[in-house]
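J.: Quick one: structure below, then a few questions.
The values are calculated or read from the model by the stated rules, or taken from the named source; none is laboratory data. These figures come from a predicted structure and were not determined experimentally. Quick reminder, even Gly has a Cβ in these numbers, built from the backbone with ideal geometry, and neighbours come from all protein chains shown.
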């Protein structure tokens, strides 16, 4: 007698494995670390290129690391709606922050902490979308680094505490993401089928 197959459960399990490869962690860590490092070495014009890093890490990582181990799959229509909802959420947050800057003069006094809040909201929304709890910790870490770094910066004259805090946060996320990626690579080795 054939067993009942729960396709939704299989799809959720596959998606969870597909999302647990650590690539999003590595991309977030590289962007946060790169932001602080580029400002520290005083070449801020390269920050615009940081937006390409998540795309490259995601595309190349999925192509060369994840797909050979798990294969490829087409997400359900509901997952596509979630991705659209995620991007609408980020757009709404960005417009809301712009509105706060225009209307509220108090927020303009702490622009770096506000940037940390916006990034934290984006990272936590990504965590909600991917059902990955560790992204919530990354969001808190990014916000804390930017807020405390900005708050401590005027009192410590020797070093730029904001940039050091951002680099440290990005480095910690990068290390954590690399560990998740390493665990994924060990758990799902590439299987070749001999003819």
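J.: Please work out which residue is farthest from residue 20 (Cα to Cα), limiting yourself to region 164-177 and to residues that are at pLDDT 95 or above and surrounded by fewer than 19 Cβ atoms within 10 Å (Cβ to Cβ).
T.: 168
J.: Which count do you get for residues in region 1-52 that are at pLDDT 80 or above, over 13 Å from the mean Cα position of the chain (by Cα) and part of a loop (DSSP other than H, G, I, E, B)?
T.: Of the residues in region 1-52, 3 are at pLDDT 80 or above, over 13 Å from the mean Cα position of the chain (by Cα) and part of a loop (DSSP other than H, G, I, E, B).
J.: Another question, then. Exactly one of these conditions fails for residue 55: (1) surrounded by 16 or more Cβ atoms within 10 Å (Cβ to Cβ); (2) assigned to a helix (DSSP H, G or I); (3) at pLDDT 75 or above. Give me its number.
T.: (1)
J.: Oh, and also: Which of the residues belonging to region 58-91 are modelled with pLDDT under 80 and surrounded by fewer than 11 Cβ atoms within 10 Å (Cβ to Cβ)?
T.: Hits for region 58-91 are 71, 72, 74, 77, 78, 84, 88, 91.
J.: Starting from region 29-40, take each residue that is more than 16 Å from residue 112 (Cα to Cα) and list its partners that are part of a helix (DSSP H, G or I) and modelled with pLDDT of 90 or more, counting only C-beta distances under 6 angstrom and pairs at least six apart or across chains.
T.: Cβ pairs passing all conditions: 29/170; 29/173; 29/174; 29/177.
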